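Asker: I'd like to ask some things about the structure below.
Read-outs throughout are calculated quantities, based only on the coordinates presented, and are distinct from any laboratory measurement. Fair warning: this is a prediction, and the values are worked out from it, not measured in the lab. No Cβ is skipped: glycine too gets one built from the backbone with ideal geometry, and neighbour counts run over all protein chains shown.
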């Protein structure tokens, strides 16, 4: 059975809303000669943000697959696929912000970043544990979900403030 795990909604919404909050005013504030260019740049940037937040993970009985978009590939992210049998262990490394990132370590010595910003993360971890036999109790989100919700809320409030300022 194939299961698909998309980027977590609040991760995606926080990045998109922050982009909007920071860039919506630019086309309106730019000089007349740059309005078309700034509007096109705004639309292109929005396309890029939406595209790079559309990566997903698929699992089945035999393997795990990480699939990126064309824009993500252009920016250096790569698709990968690992057979469950190839995964030797999951190792963790600390981040500079005090959290942890996790990597699938294979029998060949390759490392693949364990996706930590996906929907149904707990279900995903259960599938990993079931297919590899690896203890997943210490694995968690890279950042607590409330941080993405807070960033989304603050970004939406910024957008509302910008609209209010523009109208008045």
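Asker: Among 68, 39, which comes first, then next, by fewest other beta-carbon atoms within 10 Å?
Answerer: Details: 68 19, 39 14.
So the residues, fewest neighbours to most, are 39, 68.
Asker: Taking only Cα atoms, what is the 0 to 90° angle, nearest 10, from helix 35-52's long axis to the longest principal axis of the chain?
Answerer: 20 degrees
Asker: Helix-derived [θ] at 222 nm for the chain: sum -39500 (n - 2.57) over DSSP H runs of at least 4, divide by residue count, nearest 500? Don't skip to the answer; put the middle values down first.
Answerer: Working: 6 runs with 78 residues, N = 168.
For the chain, the value works out to -14500 deg cm²/dmol.
Asker: Under a crude label model (7 Å from the Cα following the beta-carbon direction), how far is residue 137 from residue 70 in nanometres?
Answerer: Result: 4.7 nm between the two label points.
Asker: Mind checking the full-extension length gain between residue 77 and residue 50? Use 0.36 nm per residue of separation minus the Cα-Cα distance, one decimal, nm. Walk me through the numbers on the way to the answer.
Answerer: On the way: separation 27, 0.36 × 27 = 9.72 nm, distance 1.52 nm.
Length gained, residue 77 through residue 50: 8.2 nm.
Asker: Same structure again: Could you give the angle, 0 to 90 degrees to the nearest 10, between helix 9-23's Cα long axis and the longest principal axis of the Cα atoms of the chain?
Answerer: The helix 9-23 is inclined about 30 degrees to the chain.
Asker: Taking the chain as the reference, fit the longest principal axis to its C-alpha atoms, fit the long axis of helix 145-167 to the helix C-alpha atoms, and give the angle between the two in degrees, 0 to 90, nearest 10.
Answerer: Here the helix axis deviates by roughly 10 degrees.
Asker: If each of residue 129 and residue 113 carries a label point 7 Å out from its Cα toward its Cβ, how far apart are those two points in nm?
Answerer: Between residue 129 and residue 113, the simple spin-label model gives 2.5 nm.
Asker: Quote the FRET efficiency, to the nearest 0.05, computed for residue 61 versus residue 120 with a Förster distance R0 of 25 Å and r equal to the Cβ-Cβ distance. Don't jump to the answer; show the numbers that get you there.
Answerer: Numbers: r = 18 Å, r/R0 = 0.71.
E(calc), rounded to 0.05, equals 0.90.
Asker: Just to be sure I understand, if you calculate mean projected area of the Cα convex hull in nm² for this structure, which of (i) 10.2; (ii) 11.2; (iii) 11.9 do you get?
Answerer: Identified label for the calculated read-out: (iii).
Asker: Between residue 1 and residue 85, what is the spin-label point distance in nm, taking each point 7 Å from the Cα along the Cα→C-beta axis?
Answerer: Placing both labels 7 Å along Cα→Cβ, they lie 2.3 nm apart.
Asker: A further question on this structure: Using only Cα atoms, locate the centre of region 27-83 and the centre of region 118-168, then give the distance between them in Å, rounded to an integer.
Answerer: Distance between centres, Cα-based: 18 Å.
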